[in-house]
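The values are calculated or read from the model by the stated rules, or taken from the named source; none is laboratory data. Not measured: the values here are computed from a predicted model. No Cβ is skipped: glycine too gets one built from the backbone with ideal geometry, and neighbour counts run over all protein chains shown.
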Amino acid sequence: MFEFLTEKFEDIFYRIRNRGKLSPGDLDEAMREIRLALLEADVNFKVVKEFIGKIKIRALGQDILESLSPSQQVIKIVNEEIISILGGGISDVSFAPRPPTIFMLAGLQGTGKTTATIKLANFIRNKYGRKVSVIAADIYRPAASLQLSDLAKQINIEVYSKKDKKPLEIIIEGIDFLKKSGSDVIIIDTAGRLHIDPEMMHELKDIKRNVRPHQVLLVLDAMTGQEAVNIAKTFNDDIEFDGIILTKLDSDTRGGAALSINHVIKKPVRFISTGEKTDEFDIFHADRIASRILGMGDVLTFIEKAEKVIDEKKAKEIEKKILANELNFVDFVDQMKSIRKMGSIEKIISMLPIKNKTKMFSNINIDDSQLNRIEAIINSMTDEEKVKPYIINGSRKKRIAAGSGTAVSDVNKLLKQFSMAQQTMKQFSKFGKGFSLPF
Amino acid sequence: MERLIKSINLIWNKFRRNNEGFWEELEEQFILNDVSAATTSMIIGDVRNHASMENINDIEKIKELIKDRVKKILMPVPPVPGDNGMNLLQGLKPSVWMLVGVNGTGKTSTVAKLANLYKNNGKSVLLTAADTFRAAAYEQINHYAELLGLPVVHHQRFSDPGAVVYDSIEKAVAKNIDLVLVDTAGRMHTSYNLMEELKKIKKVILKKLNREPDEILMVIDSTTGQNAKAQVSIFHNALGLSGIILTKTDGTSKGGIIITIKNELKIPVKFITSGEKLENIAFFDPQKFTDMLFPSG
């Protein structure tokens, strides 16, 4: 989800980062690109305008052009702003002190209310162990209540539906009925309606006034365009909802609608729905999504972590050694350890600002057990062997393999990789740029 | 459907002395209507160049230039003289149309509206319930079939949609039906397996009919934003779309996405729908659509 915005940001900052220092022109270019990326992500035009304005003011105010890592500063600012728009903090589900807790779902036609009703019911039941039931109050769309009943039956959830009655009557009767059957949580599925349809909106207002649900949730298609803000605003004016269920996030939508709504009407996204299966549903985590939008998961954490674990002096020493072709296993294991301090390889990759990383790394099986094996092999070497790998002969290999619980072929493989790495690094250093970690 | 540009006159008056502001605000209006940034800047750029080359400074003339540019994009290539859409059925019998799209765009309602439209024009129509996935999808289409007094071919839920289509065409041939409408399950364009399933349905039609489906129409919800382009381009790559049906135009979204789709992907809109009633469907008319976007005055 949110892949597009992610890619765009990755592009922009990858370019800036490679250039090192930012010029005022760069900053303008970055802002233009961010603007375009956000617009193409369906972030509302007015929100984009404000967003860019804010970032620019903050960026200029902090003299980022003079700072050593201007691009990181910009990233930091953009990241913070997106999080502040998406509304930080994780929102858990809260229940009424006296059951049943009543949820009501509303939204335009085709946003996925019926599916979301079932998914929410399933989610609350499985996660909080409550007895959940649903009410089918969509009397307009042909077979809508049948759809809800079918889905409910599939996952063993009680459903209340009635023919030839008005939605309000169905709901009131339903709550009464389900209360008696011991439901802790009741979720009401309403008919899809246009926010500009006065009659239908009146019906919804009427239901809300009479039923007083504890949580009213707007179901919003994540692929909605610029109108998302107006749609949400009208619903909010009429029935003041508490939060949003963002659906169809399994598409490659850029998801800007969520950002806009948060910014304009300050109502949080509470849940996300991400597929055809009933369990493809979760609580929305603003911080996680923000870092996804930035596409750097967590470039900031990554940079901070890298700075903490990589010793400048040591890096210089290693550079010298590489130039002199003296790199050995002691250094190798040292470097490996410091990188691994940042977390699992998978996690490190997820933090890297690399384009299409999922595609890039999908074929490469870098798992931590492999690294563990490498470390074990090196640890089974004598100090002399670590410094002078070329003395490792057949009998030494056997010993190392036995000591590290690996096979001789594993030892051979590592030695071969190491000598290849030495060659590569030597070639790099020949360009006169020296060797530095690639980030 | 509302007009695209609130009022060019208003913007013009606001920026009478400042051309830059006028073009910028015009650009904003396009983007606010979900026209992509690329297509917007192409339209504005073209009109601006044209205006400056011919030294046009009159608001009415500039408005005409904008309208013409948009209309040129929306016009089918080549335009069919006197086309009222009924010629879509002038090929071999039965004409087989597939309706496809992501979830919740209104495929089933649109099938019902098309069926009603052609039935009222004296054509025999057969409905095909090829959405065997969604709960109660058959009951929904069957409801419409009963309402319209039309036959519908269906199998059990979760059965192979290809088999439903096979049976449907066989029945249509036997009964000399004019139009077979195939309602497929909504699916995300990002789901590889489900897109492959659609290709399979298309193959079944090809095999049974000895030609491709006569129309493969993608149903697009007019509230959709920029993602519409990704949707259409992936469905088009998989199936080769013949056109778009724009739905829910009675909402507040103006359907600017179809300008992007036609401009960048060259796929024309064939129908628009605008309400919950069966008769709320119309052949797409670029002239009317453009006039609606830019009302005079």
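Might you check whether a residue that is away from every other protein chain (no Cβ under 14 Å), within 30 Å of residue A:250 (Cα to Cα) and buried (at least 23 other Cβ atoms within 10 Å of the Cβ) occurs anywhere in the stretch B:53-74?
No - not one qualifying residue is present in the stretch B:53-74.
Between B:218, B:188, which is part of a loop (DSSP other than H, G, I, E, B), surrounded by 19 or more Cβ atoms within 10 Å (Cβ to Cβ) and either hydrophobic (A, V, I, L, M, F, W, C) or at pLDDT 95 or above (or both)?
Step by step, each of B:218, B:188 is checked, and only B:188 is part of a loop (DSSP other than H, G, I, E, B), surrounded by 19 or more Cβ atoms within 10 Å (Cβ to Cβ) and either hydrophobic (A, V, I, L, M, F, W, C) or at pLDDT 95 or above (or both).
Select the strands (runs of 3 or more DSSP E) contained entirely in the stretch A:127-190, then report the ones holding at least 3 residues which are surrounded by fewer than 16 Cβ atoms within 10 Å (Cβ to Cβ) and not assigned by TED's automatic domain parsing to the domain that holds residue A:204.
Filter on the stretch A:127-190 gives an empty set.
Would you mind telling me which numbered condition in (1) out of contact with any Pro (no Cβ under 7 Å at 6 or more places or on another chain); (2) within 13 Å of another protein chain (Cβ to nearest Cβ); (3) surrounded by fewer than 22 Cβ atoms within 10 Å (Cβ to Cβ) residue B:155 fails?
Among (1) out of contact with any Pro (no Cβ under 7 Å at 6 or more places or on another chain); (2) within 13 Å of another protein chain (Cβ to nearest Cβ); (3) surrounded by fewer than 22 Cβ atoms within 10 Å (Cβ to Cβ), the lone unmet condition for residue B:155 is (2).
Step by step: first the residues of the stretch A:178-208, then only those that are touching a Ser or Thr at 6+ places or on another chain (Cβ under 9 Å) and free of Cβ contacts under 8 Å to residues at least 40 places away in the same chain, then the one that is farthest from residue A:229 (Cα to Cα). Which residue is that?
Only one residue tops the list, namely A:203.
Could you please let me know if residue B:240 is at positive phi and free of Cβ contacts under 8 Å to residues at least 40 places away in the same chain?
Yes; evaluated as a whole, the condition is true for this residue.
Could you count how many residues in the stretch B:102-148 are over 22 Å from the mean Cα position of the chain (by Cα) and at the interface with chain A (Cβ under 9 Å from one of its Cβ atoms)?
Going through the stretch B:102-148 one residue at a time, the tally reaches 9.
For residue A:422, only one of the following conditions fails: (1) over 33 Å from the mean Cα position of the chain (by Cα); (2) at pLDDT 80 or above. What is its number?
Single failed check for residue A:422: (2).
Return the residue satisfying two criteria in turn: it lies in the stretch B:33-42 and is touching a residue at least 60 places away in the same chain (Cβ under 8 Å) and either surrounded by 17 or more Cβ atoms within 10 Å (Cβ to Cβ) or small (Gly, Ala, Ser) (or both), and of such residues it is nearest to the other protein chains (Cβ to nearest Cβ).
Keep residues of the stretch B:33-42 that are touching a residue at least 60 places away in the same chain (Cβ under 8 Å), which gives B:33-36, B:38-39, B:42.
In the following step, the residues that additionally are either surrounded by 17 or more Cβ atoms within 10 Å (Cβ to Cβ) or small (Gly, Ala, Ser) (or both) were identified as B:33-36, B:38-39.
Working: B:33: 7, B:34: 4, B:35: 10, B:36: 7, B:38: 9, B:39: 11 Å.
Residue satisfying both the conditions and the ranking: B:34.
Going by the conditions given, is residue A:265 of a type in the set (Val, Ile, Thr) and either closer than 19 Å to residue A:286 by Cβ or at pLDDT below 90 (or both)? Reasoning before the result, please.
Numbers: of a type in the set (Val, Ile, Thr): yes; either closer than 19 Å to residue A:286 by Cβ or at pLDDT below 90 (or both): yes.
Answer is yes for this residue.
Looking at the stretch A:233-254, which of the residues that are in a helix (DSSP H, G or I) and touching a Leu at 6+ places or on another chain (Cβ under 6 Å) is farthest from the other protein chains (Cβ to nearest Cβ)?
A:239
Could you tell me which of the residues B:255, B:251 is crowded, with 18+ Cβ neighbours inside 10 Å, among the small types (Gly, Ala, Ser) and over 13 Å from the mean Cα position of the chain (by Cα)?
Within the list B:255, B:251, the selection yields B:251.
Considering only the stretch A:182-192, how many residues are over 16 Å from residue A:245 (Cβ atoms) and not small (Gly, Ala, Ser)?
Looking only at that region, the number is 2.
Which numbered condition in (1) in contact with a Gly (Cβ under 9 Å, 6 or more places away or on another chain); (2) under 21 Å from residue B:37 (Cα atoms); (3) not β-branched (Val, Ile, Thr) is the only one that residue B:262 fails?
Result: residue B:262 fails condition (1) only.
Picking from B:270, B:277, B:229, which residue would you name as being more than 14 Å from chain A (Cβ to nearest Cβ) and either closer than 17 Å to residue B:182 by Cβ or surrounded by fewer than 24 Cβ atoms within 10 Å (Cβ to Cβ) (or both)?
Values: B:277 fails: more than 14 Å from chain A (Cβ to nearest Cβ); B:229 fails: more than 14 Å from chain A (Cβ to nearest Cβ).
Of the residues listed, the single one that is more than 14 Å from chain A (Cβ to nearest Cβ) and either closer than 17 Å to residue B:182 by Cβ or surrounded by fewer than 24 Cβ atoms within 10 Å (Cβ to Cβ) (or both) is B:270.
Quick one: is residue A:387 closer than 21 Å to residue A:334 by Cα and modelled with pLDDT of 85 or more?
For residue A:387, the condition - closer than 21 Å to residue A:334 by Cα and modelled with pLDDT of 85 or more - is not met.
Looking at A:211, A:269, can you tell me which residue is assigned by TED's automatic domain parsing to the domain that holds residue A:123, in contact (Cβ under 8 Å) with a residue 24 or more places away in the chain and crowded, with 24+ Cβ neighbours inside 10 Å?
A:269
Looking at the stretch B:247-257, is at least one residue more than 12 Å from every other protein chain (Cβ to nearest Cβ) and in contact (Cβ under 8 Å) with a residue 60 or more places away in the chain? Working first, answer last.
Step one: of the stretch B:247-257, the residues more than 12 Å from every other protein chain (Cβ to nearest Cβ) are none.
Looking through the stretch B:247-257, none of the residues is more than 12 Å from every other protein chain (Cβ to nearest Cβ) and in contact (Cβ under 8 Å) with a residue 60 or more places away in the chain.
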